[in-house]
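First up is the structure itself, then whatever we jot down about it.
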Amino acid sequence: MTTPLTLTPGRRPDGTAVLTVVGEIDMSNTGSLAAALDGAPGPLVLDLTEVEYLDSAGLSVLFPHADRLELIAGPLLAPVLTISGLTDLTTRH
């Protein structure tokens with residue numbers, strides 16, 4: 001069974017691509033997240049403020065894009081992103 005995940009693409013006023021993610025990111029739905037990340041060329045703001053769970057499979061999808069990601073995450077995900085080392089490779093707000 002696939003865990004519910006909503007991916008909403010958009011743009012900031014300056015034209016930077018934004019991908020807003022809502023739900024849980026786990027091995028059942030990382031394919032859709034990977035496709036969305038692959039389909040958004042250039043710098044990308046990844047808004048994870050409404051993500052309630054992120055497992056290692058989800059992290060493994062983010063790392064290949066780290067050099068172009070700006071992460072927005074709430075206090076729930078901050079420790080996961082920090083311990084994984086992802087925040088050392090991206091910008092996080």
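Here are the numbers for the structure shown:
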read-out: Selection from the range 27-37 of residues that are in contact with a helix residue (DSSP H, G or I) (Cβ under 6 Å, 6 or more places away or on another chain) and in a loop (DSSP other than H, G, I, E, B); value: MET27
read-out: Qualifying residue in the range 19-37 (condition: open to solvent by less than 20 Å² (accessible area, probe 1.4 Å) and within 13 Å of ARG92 (Cα to Cα)); value: no
read-out: Residues of the range 7-18 that turn out to be assigned to a strand (DSSP E or B) and either open to solvent by 70 Å² or more (accessible area, probe 1.4 Å) or of a type in the set (Ser, Thr, Tyr) (or both), as a count; value: 3
read-out: Selection from the range 49-87 of residues that are surrounded by 19 or more Cβ atoms within 10 Å (Cβ to Cβ) and either out of contact with any helix residue (DSSP H, G or I) (no Cβ under 8 Å at 6 or more places or on another chain) or hydroxyl-bearing (Ser, Thr, Tyr) (or both); value: VAL51, LEU77
read-out: Index of the failed condition, ALA40 passing every other in (1) of a type outside the set (D, E, K, R); (2) out of contact with any Ser or Thr (no Cβ under 9 Å at 6 or more places or on another chain); (3) not in a loop (DSSP other than H, G, I, E, B); value: (3)
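The values are calculated or read from the model by the stated rules, or taken from the named source; none is laboratory data. Everything quoted here is computed from the prediction, not taken from an experiment. All Cβ positions, glycine included, derive from the backbone under ideal geometry; neighbour counts span all protein chains shown. For the accessible areas, the whole protein counts, side chains as well, though only heavy atoms, and no ligand, DNA or RNA atoms are used. Shrake-Rupley method; radii C 1.70, N 1.55, O 1.52, S 1.80 Å.
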